[in-house]
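Have a look at the structure below before the remarks.
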Amino acid sequence: MADSSFDIVSKLDRQEVDNALNQAAKEVANRFDFRNVDAGIKWSGEAIDIQANSEERANAVLDVLKDKLVKRGISLKAIDPGEPRPSGKIYKLSVGLKEGIAQDDAKKIGKIIRDEGPKGIKAQIQGEELRVSSKKKDDLQEVITLLKGKDLDVALQFVNYR
């Protein structure tokens, strides 16, 4: 019998992020507390730019974006907000998006699987993802449950379960 396996990845659905950004932009444009504060949110290459006339307002726009991302099923671990920085009369804040599992995070996840997971589980690092395989599908389910219970710095998805 062949081994069963699944892949652990960290990917973003760009369309959902774009939808959340558009919803946040509409809310910022229409909300009373954002009137006359030059608040705005838009794409800037691979990052999201937020601007407002004060540090507090920039953070408030970030909170609106976070709320919209959560409603669209995007983990907040997948964003990397910077600190608001003054730029003339306005404050700018850049929000980076994190995709892929870094080598050190992949090694950390592999160590958790080896140490705390069931025996007979193999975890291989393949670029920016991990392939986990075992003879028993029940062991794979245990690994998924184990990793969902851990507080890791990466938003994980489990794909290609076979």
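Answer yes or no as to whether Q141 is farther than 30 Å from Q51 by Cα and in contact with a strand residue (DSSP E or B) (Cβ under 8 Å, 6 or more places away or on another chain). So Q141 does not fit the description; no.
I'd like the full set of residues that are of a type outside the set (K, R) and modelled with pLDDT of 95 or more, limited to the stretch 61-75. Correct list: V61, L62, D63, V64, L65, D67, L69, V70. Close contacts from the stretch 126-149, counting a first residue that is over 22 Å from D104 (Cα atoms) and a second that is among the acidic types (D, E), with Cβ to Cβ under 8 Å and a gap of 6+ residues or different chains, come to S134/D3; K135/D3. Of all the listed residues (E116, E142), the sole one being over 15 Å from F158 (Cα atoms) and open to solvent by 60 Å² or more (accessible area, probe 1.4 Å) is E116.
Every residue, every condition in (1) in contact with a Leu (Cβ under 8 Å, 6 or more places away or on another chain); (2) of a type in the set (D, E, K, R), yes or no:
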| site | (1), (2) |
| --- | --- |
| D3 | no, yes |
| F6 | yes, no |
| S10 | yes, no |
| D13 | no, yes |
| D18 | no, yes |
| L21 | yes, no |
| V28 | no, no |
| D33 | no, yes |
| A39 | no, no |
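From the list K136, K98, the lone residue that is at pLDDT 90 or above, more than 18 Å from S5 (Cα to Cα), surrounded by 11 or more Cβ atoms within 10 Å (Cβ to Cβ) and basic (K, R) is K98. Against the conditions (1) more than 20 Å from the chain's Cα centre (by Cα); (2) closer than 27 Å to N19 by Cβ; (3) assigned to a loop (DSSP other than H, G, I, E, B), D153 satisfies every one except (1). The numbered conditions (1) within 30 Å of V159 (Cβ to Cβ); (2) exposed (fewer than 14 other Cβ atoms within 10 Å of the Cβ); (3) in contact with a strand residue (DSSP E or B) (Cβ under 6 Å, 6 or more places away or on another chain) are all true for F6 except (2).
Would you please name the residue that is surrounded by the most Cβ atoms within 10 Å (Cβ to Cβ), looking only at residues in the stretch 35-46 that are over 18 Å from P86 (Cα atoms) and touching a strand residue (DSSP E or B) at 6+ places or on another chain (Cβ under 8 Å)? Among them, the one singled out is W43.
The values are calculated or read from the model by the stated rules, or taken from the named source; none is laboratory data. Quick caveat, the model's predicted, so the values are computed rather than measured. Note: ideal-geometry Cβ built from the backbone for every residue, glycine included; neighbour counts use all protein chains shown. All accessible areas refer to the heavy atoms of the entire protein, side chains included, with ligands and DNA or RNA removed. Shrake-Rupley method; radii C 1.70, N 1.55, O 1.52, S 1.80 Å.
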